[in-house]
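Shown next, in C-alpha coordinates, is the structure this report addresses.
The values are calculated or read from the model by the stated rules, or taken from the named source; none is laboratory data. Please read these numbers as outputs of a predicted model, since none were measured by experiment. Cβ placement follows ideal geometry from the backbone for every residue including glycine, while neighbour counts extend to all protein chains displayed.
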Amino acid sequence: MRVILLGPPGAGKGTQVSKLTVAINTPSVSSGDLFRQHQKDQTDIGIQAQNYMKRGLLVPDDLTIKMVMEWIDSYTDSDGFLLDGFPRTYPQAVALDEALRQNNEGIDRVLNLKVGIDELINRLSGRIICRNCQRSYHLTYAPPISPGVCNECEGELYEREDDNRDAVQKRLEVYFDETEPLINYYSQKGLLTEISGTGSIEVVAASILDGLVNSTSK
Ligand code: AMP
(Lines give C-alpha, C1' and ligand atoms only; values in the text may rest on other atoms or scores of the structure.)
Protein backbone atom coordinates (compact mmCIF):
# COMPACT_ATOMS: atom_id res chain seq x y z
CA MET A 1 0.00 0.00 0.00
CA ARG A 2 1.13 3.50 -0.78
CA VAL A 3 -0.07 5.73 2.04
CA ILE A 4 0.40 9.41 2.86
CA LEU A 5 -0.03 10.80 6.38
CA LEU A 6 -1.16 14.42 6.24
CA GLY A 7 -1.56 16.73 9.21
CA PRO A 8 -0.16 19.86 10.81
CA PRO A 9 3.15 19.96 12.71
CA GLY A 10 2.58 18.39 16.14
CA ALA A 11 -0.33 16.18 15.00
CA GLY A 12 1.69 13.05 15.82
CA LYS A 13 2.43 11.89 12.27
CA GLY A 14 5.94 10.65 13.15
CA THR A 15 4.76 8.69 16.19
CA GLN A 16 1.93 7.08 14.25
CA VAL A 17 4.01 6.29 11.17
CA SER A 18 6.56 4.46 13.29
CA LYS A 19 3.76 2.29 14.73
CA LEU A 20 2.09 1.76 11.37
CA THR A 21 5.29 0.80 9.56
CA VAL A 22 5.60 -2.16 11.97
CA ALA A 23 1.86 -3.01 11.97
CA ILE A 24 1.56 -3.27 8.18
CA ASN A 25 5.19 -4.16 7.47
CA THR A 26 5.73 -1.36 4.99
CA PRO A 27 8.77 0.96 4.81
CA SER A 28 8.23 4.56 5.86
CA VAL A 29 10.03 7.83 5.52
CA SER A 30 9.75 11.28 7.07
CA SER A 31 10.98 14.07 4.80
CA GLY A 32 11.86 16.09 7.94
CA ASP A 33 14.01 13.20 9.25
CA LEU A 34 15.71 12.88 5.84
CA PHE A 35 16.55 16.61 5.91
CA ARG A 36 17.82 16.37 9.51
CA GLN A 37 20.05 13.43 8.53
CA HIS A 38 21.42 15.42 5.56
CA GLN A 39 22.05 18.35 7.91
CA LYS A 40 23.88 16.11 10.37
CA ASP A 41 26.02 14.72 7.53
CA GLN A 42 26.51 18.25 6.13
CA THR A 43 25.63 17.15 2.59
CA ASP A 44 24.78 19.75 -0.09
CA ILE A 45 21.06 19.10 0.52
CA GLY A 46 21.53 19.51 4.28
CA ILE A 47 23.45 22.76 3.90
CA GLN A 48 20.87 24.21 1.50
CA ALA A 49 17.93 23.09 3.68
CA GLN A 50 19.08 24.28 7.07
CA ASN A 51 18.40 27.97 6.54
CA TYR A 52 14.77 27.25 5.69
CA MET A 53 14.27 24.65 8.40
CA LYS A 54 15.46 26.72 11.32
CA ARG A 55 13.05 29.52 10.35
CA GLY A 56 10.10 27.16 10.04
CA LEU A 57 9.89 27.62 6.26
CA LEU A 58 9.47 24.92 3.66
CA VAL A 59 12.56 23.80 1.77
CA PRO A 60 12.13 24.60 -1.97
CA ASP A 61 10.11 22.03 -3.92
CA ASP A 62 12.83 21.00 -6.40
CA LEU A 63 15.26 20.01 -3.66
CA THR A 64 12.55 18.26 -1.59
CA ILE A 65 11.06 16.35 -4.53
CA LYS A 66 14.48 15.13 -5.66
CA MET A 67 15.38 13.91 -2.15
CA VAL A 68 12.08 12.05 -1.50
CA MET A 69 11.95 10.52 -5.01
CA GLU A 70 15.43 9.11 -4.48
CA TRP A 71 14.17 7.45 -1.30
CA ILE A 72 11.08 6.06 -3.07
CA ASP A 73 13.22 4.73 -5.95
CA SER A 74 15.40 2.89 -3.46
CA TYR A 75 12.31 0.91 -2.37
CA THR A 76 11.18 -0.31 -5.78
CA ASP A 77 11.20 -3.92 -4.50
CA SER A 78 8.66 -3.10 -1.83
CA ASP A 79 4.88 -3.24 -2.32
CA GLY A 80 4.45 0.26 -0.99
CA PHE A 81 5.51 2.98 1.42
CA LEU A 82 4.26 5.33 4.11
CA LEU A 83 5.07 9.00 3.65
CA ASP A 84 5.23 11.38 6.63
CA GLY A 85 5.60 15.08 5.84
CA PHE A 86 5.59 14.70 2.06
CA PRO A 87 3.92 16.05 -0.01
CA ARG A 88 3.43 19.40 1.68
CA THR A 89 2.69 21.59 -1.36
CA TYR A 90 0.60 21.26 -4.50
CA PRO A 91 3.67 20.95 -6.82
CA GLN A 92 5.03 18.16 -4.59
CA ALA A 93 1.69 16.28 -4.75
CA VAL A 94 1.57 16.61 -8.54
CA ALA A 95 5.21 15.49 -8.91
CA LEU A 96 4.53 12.43 -6.73
CA ASP A 97 1.41 11.49 -8.74
CA GLU A 98 3.32 11.93 -11.99
CA ALA A 99 6.29 9.80 -10.87
CA LEU A 100 3.98 7.00 -9.69
CA ARG A 101 1.86 7.16 -12.84
CA GLN A 102 4.95 6.51 -14.96
CA ASN A 103 5.17 3.10 -13.22
CA ASN A 104 1.40 2.51 -13.45
CA GLU A 105 1.15 3.07 -9.71
CA GLY A 106 -0.75 5.49 -7.52
CA ILE A 107 -1.46 6.52 -3.95
CA ASP A 108 -3.89 4.12 -2.25
CA ARG A 109 -4.90 6.19 0.76
CA VAL A 110 -4.29 9.56 2.41
CA LEU A 111 -4.90 9.79 6.14
CA ASN A 112 -5.42 13.27 7.56
CA LEU A 113 -4.66 13.55 11.27
CA LYS A 114 -6.78 16.33 12.79
CA VAL A 115 -5.75 18.15 15.98
CA GLY A 116 -6.94 21.58 17.24
CA ILE A 117 -4.54 24.50 17.13
CA ASP A 118 -4.22 25.00 20.93
CA GLU A 119 -3.29 21.38 21.40
CA LEU A 120 -0.74 21.57 18.55
CA ILE A 121 1.00 24.52 20.22
CA ASN A 122 1.01 22.68 23.59
CA ARG A 123 2.47 19.57 22.01
CA LEU A 124 5.20 21.39 20.08
CA SER A 125 6.38 23.45 23.04
CA GLY A 126 7.90 20.85 25.32
CA ARG A 127 8.61 18.28 22.63
CA ILE A 128 12.01 16.60 22.78
CA ILE A 129 13.32 14.04 20.31
CA CYS A 130 16.03 11.42 20.22
CA ARG A 131 19.11 12.42 18.24
CA ASN A 132 19.69 8.78 17.38
CA CYS A 133 16.31 7.10 16.58
CA GLN A 134 14.10 10.25 16.25
CA ARG A 135 11.51 8.98 18.75
CA SER A 136 9.67 11.93 20.24
CA TYR A 137 8.69 12.66 23.86
CA HIS A 138 6.98 15.51 25.67
CA LEU A 139 8.41 17.01 28.84
CA THR A 140 4.96 17.08 30.49
CA TYR A 141 2.66 14.65 28.66
CA ALA A 142 5.02 11.85 27.65
CA PRO A 143 8.35 12.19 29.49
CA PRO A 144 11.14 9.64 29.07
CA ILE A 145 11.88 7.26 31.98
CA SER A 146 15.28 8.93 32.60
CA PRO A 147 15.46 12.65 31.86
CA GLY A 148 17.34 13.43 28.65
CA VAL A 149 17.73 9.76 27.65
CA CYS A 150 15.71 7.84 25.03
CA ASN A 151 13.78 4.84 26.44
CA GLU A 152 14.34 2.87 23.23
CA CYS A 153 18.01 3.34 22.34
CA GLU A 154 19.49 5.46 25.17
CA GLY A 155 20.23 8.22 22.64
CA GLU A 156 20.44 11.86 23.72
CA LEU A 157 17.15 13.81 23.74
CA TYR A 158 17.11 17.38 22.47
CA GLU A 159 14.69 20.15 21.53
CA ARG A 160 14.52 20.78 17.78
CA GLU A 161 15.76 24.18 16.70
CA ASP A 162 12.41 24.78 14.95
CA ASP A 163 10.28 23.95 18.02
CA ASN A 164 10.87 27.46 19.47
CA ARG A 165 7.85 29.81 19.60
CA ASP A 166 8.60 31.89 16.49
CA ALA A 167 9.41 28.91 14.29
CA VAL A 168 6.33 26.99 15.53
CA GLN A 169 4.13 29.98 14.67
CA LYS A 170 5.69 30.13 11.20
CA ARG A 171 5.37 26.37 10.62
CA LEU A 172 1.66 26.48 11.48
CA GLU A 173 1.12 29.47 9.12
CA VAL A 174 2.97 27.64 6.36
CA TYR A 175 0.89 24.52 7.01
CA PHE A 176 -2.43 26.40 6.64
CA ASP A 177 -1.24 28.25 3.50
CA GLU A 178 0.58 25.49 1.62
CA THR A 179 -0.33 22.06 2.98
CA GLU A 180 -3.94 22.24 4.13
CA PRO A 181 -5.16 22.72 0.52
CA LEU A 182 -3.90 19.17 -0.19
CA ILE A 183 -6.80 17.84 1.92
CA ASN A 184 -9.11 19.03 -0.83
CA TYR A 185 -6.80 17.76 -3.56
CA TYR A 186 -6.89 14.18 -2.20
CA SER A 187 -10.52 14.36 -1.14
CA GLN A 188 -11.52 15.13 -4.75
CA LYS A 189 -9.62 12.03 -5.82
CA GLY A 190 -11.63 9.98 -3.28
CA LEU A 191 -8.48 9.04 -1.36
CA LEU A 192 -8.94 10.91 1.91
CA THR A 193 -9.77 9.45 5.33
CA GLU A 194 -10.07 11.88 8.25
CA ILE A 195 -8.67 10.64 11.58
CA SER A 196 -8.99 12.35 14.95
CA GLY A 197 -5.45 12.88 16.24
CA THR A 198 -6.55 13.58 19.82
CA GLY A 199 -6.61 10.80 22.42
CA SER A 200 -3.90 8.37 23.44
CA ILE A 201 -1.26 7.17 20.95
CA GLU A 202 -2.90 3.69 21.03
CA VAL A 203 -6.40 5.03 20.34
CA VAL A 204 -5.19 7.11 17.38
CA ALA A 205 -3.16 4.14 16.06
CA ALA A 206 -6.27 1.94 16.21
CA SER A 207 -8.31 4.55 14.27
CA ILE A 208 -5.59 4.71 11.62
CA LEU A 209 -5.52 0.95 11.16
CA ASP A 210 -9.31 0.92 11.06
CA GLY A 211 -9.26 3.70 8.43
CA LEU A 212 -6.87 1.68 6.27
CA VAL A 213 -8.74 -1.62 6.61
CA ASN A 214 -12.11 -0.02 5.85
CA SER A 215 -10.74 1.85 2.83
CA THR A 216 -9.24 -1.30 1.30
CA SER A 217 -12.37 -3.39 1.89
CA LYS A 218 -14.59 -0.93 -0.04
P1 AMP B 1 9.04 17.94 10.05
O2 AMP B 1 10.03 17.09 10.76
O3 AMP B 1 8.13 17.15 9.17
O4 AMP B 1 8.31 18.87 10.97
O5 AMP B 1 9.89 18.87 9.04
C6 AMP B 1 10.87 19.76 9.54
C7 AMP B 1 11.22 20.78 8.48
O8 AMP B 1 11.79 20.12 7.33
C9 AMP B 1 10.03 21.58 7.92
O10 AMP B 1 9.65 22.67 8.76
C11 AMP B 1 10.62 22.04 6.59
O12 AMP B 1 11.56 23.08 6.76
C13 AMP B 1 11.40 20.80 6.14
N14 AMP B 1 10.52 19.89 5.37
C15 AMP B 1 10.12 18.64 5.70
N16 AMP B 1 9.33 18.11 4.76
C17 AMP B 1 9.21 19.05 3.80
C18 AMP B 1 8.49 19.11 2.57
N19 AMP B 1 7.73 18.09 2.15
N20 AMP B 1 8.61 20.24 1.83
C21 AMP B 1 9.39 21.27 2.21
N22 AMP B 1 10.06 21.29 3.37
C23 AMP B 1 9.98 20.19 4.17
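Assuming Glu152 fulfils every condition listed in (1) farther than 24 Å from Phe176 by Cα; (2) in contact with a Pro (Cβ under 6 Å, 6 or more places away or on another chain) apart from one, which condition is it?
(2)
Out of curiosity, is Met1 surrounded by fewer than 18 Cβ atoms within 10 Å (Cβ to Cβ) and either polar (S, T, N, Q) or touching a Leu at 6+ places or on another chain (Cβ under 8 Å) (or both)? Give the derivation first.
Numbers: surrounded by fewer than 18 Cβ atoms within 10 Å (Cβ to Cβ): yes; either polar (S, T, N, Q) or touching a Leu at 6+ places or on another chain (Cβ under 8 Å) (or both): yes.
For Met1, the condition - surrounded by fewer than 18 Cβ atoms within 10 Å (Cβ to Cβ) and either polar (S, T, N, Q) or touching a Leu at 6+ places or on another chain (Cβ under 8 Å) (or both) - is met.
For Asp44, all conditions in the list (1) at pLDDT below 95; (2) over 14 Å from the mean Cα position of the chain (by Cα) hold save one; what is the number of the exception?
Here Asp44 clears every test but (1).
Can you name every residue in segment 36-67 that is surrounded by 11 or more Cβ atoms within 10 Å (Cβ to Cβ), within 12 Å of the ligand (Cβ to nearest atom) and farther than 18 Å from Thr179 by Cα?
Arg36, Gln37, His38, Gln39, Ile45, Gly46, Gln48, Ala49, Gln50, Lys54, Lys66, Met67
To keep it simple, each residue is scored yes or no on (1) more than 27 Å from Gly10 (Cβ to Cβ); (2) of a type in the set (Gly, Ala, Ser); (3) under 16 Å from the mean Cα position of the chain (by Cα).
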| residue | (1), (2), (3) |
| --- | --- |
| Gly56 | no, yes, yes |
| Val59 | no, no, yes |
| Asp79 | yes, no, no |
| Leu83 | no, no, yes |
| Pro91 | no, no, no |
| Arg101 | yes, no, no |
| Val110 | no, no, yes |
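Would you call Arg36 of a type in the set (Lys, Arg), on the phi < 0 side of the Ramachandran plot and in contact with a Ser or Thr (Cβ under 8 Å, 6 or more places away or on another chain)?
Against the criterion (of a type in the set (Lys, Arg), on the phi < 0 side of the Ramachandran plot and in contact with a Ser or Thr (Cβ under 8 Å, 6 or more places away or on another chain)), Arg36 does not qualify.
Identify the single condition in (1) within 27 Å of Ala142 (Cβ to Cβ); (2) among the charged types (D, E, K, R); (3) at pLDDT 95 or above that Glu119 does not satisfy, given that it satisfies every other one.
(3)
Which one of these is near the ligand (Cβ under 10 Å from one of its atoms) and buried (at least 19 other Cβ atoms within 10 Å of the Cβ): Gly32, Gly12?
Values: Gly12 fails: near the ligand (Cβ under 10 Å from one of its atoms).
Result of the check over Gly32, Gly12: Gly32.
Of the conditions (1) within 13 Å of the ligand (Cβ to nearest atom); (2) of a type in the set (D, E, K, R); (3) assigned to a helix (DSSP H, G or I), Glu70 satisfies every one except a single condition; which number is it?
With respect to (1) within 13 Å of the ligand (Cβ to nearest atom); (2) of a type in the set (D, E, K, R); (3) assigned to a helix (DSSP H, G or I), Glu70 is out only on (1).
Just give me the residues in segment 149-182 being among the aliphatic types (A, V, I, L, M) and within 15 Å of the ligand (Cβ to nearest atom), in sequence order.
Those that are among the aliphatic types (A, V, I, L, M) and within 15 Å of the ligand (Cβ to nearest atom): Ala167, Val168, Leu172, Val174, Leu182.
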